[in-house]
Amino acid sequence: MIPAAADMKALVQVEDLAKTFDVSAPWLNRVVERKPRQFVHAVDGVSFSIPKGQTLALVGESGCGKSTVARLLVGLYAPTRGSVHFGGHDTAKLKGAELRSLRRRMQMIFQDPYASLNPRWKVLDIVGEPLREHGLAQGGDALRDQVGELLRSVGLAAADCVKFPHQFSGGQRQRISIARALATEPEFLVCDEPTSALDVSVQAQVLNIMQDLQHRQGLTYLFISHNLAVVRHVADEVGVMYLGRLVEQAPKKSLFSQPRHPYTRMLLDAIPDIHMSGRARTPVQGEVPNPLNPPQGCAFHPRCPHANARCSSERPALRTIAGIRVACHAVEEGRI
Ligand SMILES: Nc1ncnc2c1ncn2[C@@H]1O[C@H](COP(=O)(O)OP(=O)(O)OP(=O)(O)O)[C@@H](O)[C@H]1O
Ligand code: SF4
Ligand SMILES: [Mg+2]
C-alpha cells in the first residue's frame, strides 16, 4: 500500500489539498436579483502520497474534482488550502531557478490529443519546444536527434518530425503528447484521462507504451480515469473521489476484490463482470448531487443503500481501517 503522507520516500505528497472556485453571478446581477455569492468546493481536503516509480489512479464520476487535483499538482491552479510536496520540497515555497527545475521534473498529459497540439506546428517544434525552453538541446542537429529519439521511445518514427498533427491518428497524436511530456526527462507525469478520447484497441497500445516507459525510466504517475478497466490495467494504488473528497484509497488488488466504500462498490458493480463471477452488471444508481449545494453529512448519503441518521448529519472522516483508507460510518461501525 502507498505509505502515509509523512513517509519521506514518497516522491509526491499532497496534504489537505483544497480548491474553491467562486462561481457567483456578476456583482450587479447579484444585487438586482438578490442572489448570494456561490462557491464550488471542487477539491476539499485531499491527502495522499505516491512513492517513486508507482502509479496512483484517481477515479470517480464527472465533476468529482479529478482534473482539479491534477491541475493543482502541476501548478496550473494555486490551492485554496493545503500543500503539495515534491521530492521533499514544498512546491509553494519554490521560486526562480528552483521553480523552473521543478516544472521540468513534472509534466502533464491531457485528455484531448486534438486540442493539446498546436495544429500549425510541425512535430519537431511541438516536441522540441520544451527542449529549447529549458536549454536542453545544443543546436539544430542535436534538437532533431533528441526529438527523433523521443519519437522512437513512443513507437513513432524519427522521420515523423517533419509532419503536422493533422497527419496523425488520435492514438499517434497522444504518443506525440507523451513524447513532448518526456522531453524534459520528468520524474512525475500527471495523466488526465490520457486515453479516453481513443478507440479501445488504440487505448491499449498507448497504455502499454506508458507502462513500458515507467519500467524503463522509473516514472511516477498520477493517472486519472473514469474507466475502471483502464485503472485496473495501470494502477498500483487507487483513490476513489466523490464530490471533491477521497472516499477510499487502497492497493489495486484489494480495491477490486474487496471494495469497502458503498460508492466504490457501486462503481465496480457497474463494470461488466469485473470479478468474472457471472454476476449481473448493475448500472450506477442515482446522480451526483449539485456541487453548489452538496448534501450535509456524508455527501453520498442520498444514493447510499446503507445510509442512516448519522450519515445525513455527520461527515465521515477518512480513516485507515485494516490497511485501507475509507470514509464511511458503516464500515467504521462494522455494519458492512
Ligand atoms: N475553472 C473552474 N471554474 C469554476 N468551476 C470549476 C472550474 N474547474 C472545475 N470546476 C468545477 O469543479 C468541479 C470539479 O471539476 P473537475 O473538472 O475537477 O472534475 P472531473 O472529476 O475532472 O470531471 P470530468 O470527469 O468530467 O473530467 C466541478 O463541479 C466543476 O464544475
Ligand atoms: S457514511 Fe453512511 S451514507 Fe456515507 S457511504 Fe457510509 S453508509 Fe453510506
Ligand atoms: Mg476531468
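Every number here is computed from the coordinates shown, using simple stated rules; none is lab data. The structure presented is a predicted model; accordingly, all values stated were derived computationally and were not measured. Note: ideal-geometry Cβ built from the backbone for every residue, glycine included; neighbour counts use all protein chains shown.
List the relative contact order of region 121-163 as a percent without decimals, with contacts defined as Cα pairs under 8 Å and 6+ residues apart.
Relative contact order of region 121-163: 46 percent.
Treating the angle as unsigned and between 0 and 90°, give the value, to the nearest 10°, between the Cα long axis of helix 123-133 and the longest Cα principal axis of the chain.
80 degrees
Choose one answer from Ile176, Ile109, Ile209: the residue with the largest mean-square fluctuation in a GNM of the chain with alpha-carbon springs under 10 Å.
Its mean-square fluctuation being the largest, the pick is Ile209.
Helix-only mean residue ellipticity at 222 nm, the chain, DSSP H runs n ≥ 4 weighted -39,500 (n - 2.57), per residue, nearest 500. What is it?
When only DSSP H runs of four or more count, the value is -9500 deg cm²/dmol.
Net charge around Glu185, counting only other residues with Cβ within less than 10 Å of its Cβ (Lys, Arg = +1; Asp, Glu = -1)?
The answer is +1.
I'd like the antiparallel share, as a percent to the nearest 5, of DSSP beta bridges with both residues in the chain.
The antiparallel fraction comes to roughly 60 percent.
Name the most mobile residue of Asp199, Asp44, Asp160, meaning the one with the largest mean-square fluctuation, in a Gaussian network model of the chain with Cα contacts below 10 Å.
Maximum fluctuation in the GNM of the chain, among the listed residues, is at Asp199.
Under a cut-off of 20 Å between alpha-carbon atoms, report the aspartates and glutamates in cross-link reach of Lys35, not counting same-chain residues fewer than 8 places apart.
Asp22
In terms of Cα to Cα distance under 17 Å, which aspartates and glutamates are near enough to Lys122, apart from those fewer than 8 places away along the same chain?
Within the straight-line limit of under 17 Å, Lys122 reaches these aspartates and glutamates: Glu133, Asp141, Asp145, Glu149, Asp160.
Normalising by the residue count of the chain, find the relative contact order in percent from Cα pairs under 8 Å and 6+ residues apart.
Relative contact order for the chain comes out at 19 percent.
Inverting the mean 1/r over all pairs of different Cα atoms, compute the Kirkwood radius of region 121-163 and quote it in Å.
With all distinct Cα pairs of region 121-163 included, I get 10.0 Å.
Assuming a ≥ b ≥ c are the square roots of the Cα gyration tensor eigenvalues, decide whether region 196-248 counts as rounded (a/c under 1.5), prolate (otherwise, with a/b larger than b/c) or oblate.
Judged from the Cα gyration tensor, region 196-248 comes out oblate (a/c at least 1.5, b/c at or above a/b).
For the chain, modelled as a Gaussian network with Cα springs under 10 Å, which listed residue fluctuates most, Tyr242, Tyr77, Tyr221?
Tyr77
Quick check: the angle from helix 200-217's long axis to the longest principal axis of the chain, C-alpha only, nearest 10 degrees?
Roughly 70 degrees between the two axes.
Could you tell me the distance between the Cα centroids of region 87-115 and region 142-157, to the nearest Å?
22 Å
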